[in-house]
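Structure incoming, see below.
The values are calculated or read from the model by the stated rules, or taken from the named source; none is laboratory data. In this text, all values refer to a predicted model and were calculated from it rather than measured experimentally. For neighbour counting, all protein chains shown are included, and Cβ atoms are generated from backbone atoms with ideal geometry for every residue, glycine included. Areas reflect the complete protein model, heavy atoms only, side chains present, ligands, DNA and RNA absent. Shrake-Rupley method; radii C 1.70, N 1.55, O 1.52, S 1.80 Å.
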Amino acid sequence: QVQLVESGGGLVQPGGSLRLSCAASGSIFGINVMGWYRQAPGKQRELVARISSVGTTTYADSVKGRFTISRDNAKNTVYLEMNSLKPEDTAVYYCNLNQWRDAYWGQGTQVTVSS
């Protein structure tokens, strides 16, 4: 089993920045993909960004150039640096870890962008 604990959400004004963290613990394989998804009210959950254990990254078009995903393999932690935040970035952000055939999810952290 794998447990994911997120932190760093909150309320920020448009144009501001936030940094999300997600620490994984439990039975973690060396080869995996960690990422961030988000779900806004009334919308489906969507990929924000993901990063493999060797550092390959993928971003949603809507966040390219504004968000940066990174990870610390020694700490089994993934980060999401979010800059130039927009009201449309408001959502619950979920941490995800995929390894072998299994997918694990965090409990979610709320990000609200509003003046």
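Using the basic label-point model (7 angstrom from Cα toward the beta carbon), what is the residue 56 to residue 21 distance in nanometres?
2.9 nm
Let me ask something additional. Let me make sure I get this right: for the stretch 1-63, a, b and c are the square roots of the gyration tensor eigenvalues over alpha carbons, sorted descending. Under 1.5 in a/c it's rounded, otherwise prolate if a/b > b/c, else oblate. Which is it? Spell out each step's value before the answer.
Details: a/c = 1.81, a/b = 1.55, b/c = 1.17.
Prolate, since a/c reaches 1.5 and a/b exceeds b/c.
Here's something else I'd like to know. Taking 0.36 nm per intervening residue step and subtracting the Cα-Cα distance, what contour gain separates residue 81 from residue 39 on full extension? Before the final figure, lay out the partial values.
Numbers: separation 42, 0.36 × 42 = 15.12 nm, distance 1.76 nm.
Taking 0.36 nm per residue and subtracting the Cα distance, the gain is 13.4 nm.
State which stretch of the chain is the longest one without any exposed trypsin sites (Lys or Arg not before Pro), exposure meaning a DSSP loop state and at most 12 other Cβ atoms within 10 Å.
Values: sites that count: 43, 64, 75, 101.
Between the exposed loop sites, the longest stretch runs 1-42.
Sequence gap at least 6, Cα distance under 8 Å: using those rules, report the relative contact order of the chain to the nearest whole percent.
Relative contact order of the chain: 36 percent.
If the elastic network links every pair of Cα atoms under 10 Å, which of 99, 13, 44 fluctuates the most in the Gaussian network model of the chain?
Result: 44 has the largest fluctuation of those listed.
At 1.4 Å probe size, with the rest of the protein present, what percent of the exposed accessible area of the chain is carbon and sulfur atoms? Show your work: numbers first, answer last.
Numbers: 3010 of 6170 Å².
Within the chain, the accessible surface is 49 percent carbon and sulfur.
Now for a separate question. Can you check what the net charge comes to around residue 9, using other residues whose Cβ is under 12 Å from the Cβ of residue 9 (Lys, Arg +1; Asp, Glu -1)?
Result for the local shell: 0.
Could you tell me which chymotrypsin sites (Phe, Trp or Tyr not before Pro) in the stretch 10-45 are loop residues by DSSP with no more than 15 other beta carbons within 10 angstrom of their beta carbon? Mind showing how you got there, number by number?
Details: sites: 29, 36, 37; in loops: 29.
Qualifying residues, ordered by number: 29.
Would you mind calculating the gained length between residue 29 and residue 101 on full extension (0.36 nm times residue separation, minus the Cα-Cα distance), in nm to one decimal? All intermediate terms of the calculation are to be shown ahead of the outcome.
Values: separation 72, 0.36 × 72 = 25.92 nm, distance 1.16 nm.
So the chain would gain 24.8 nm between residue 29 and residue 101.
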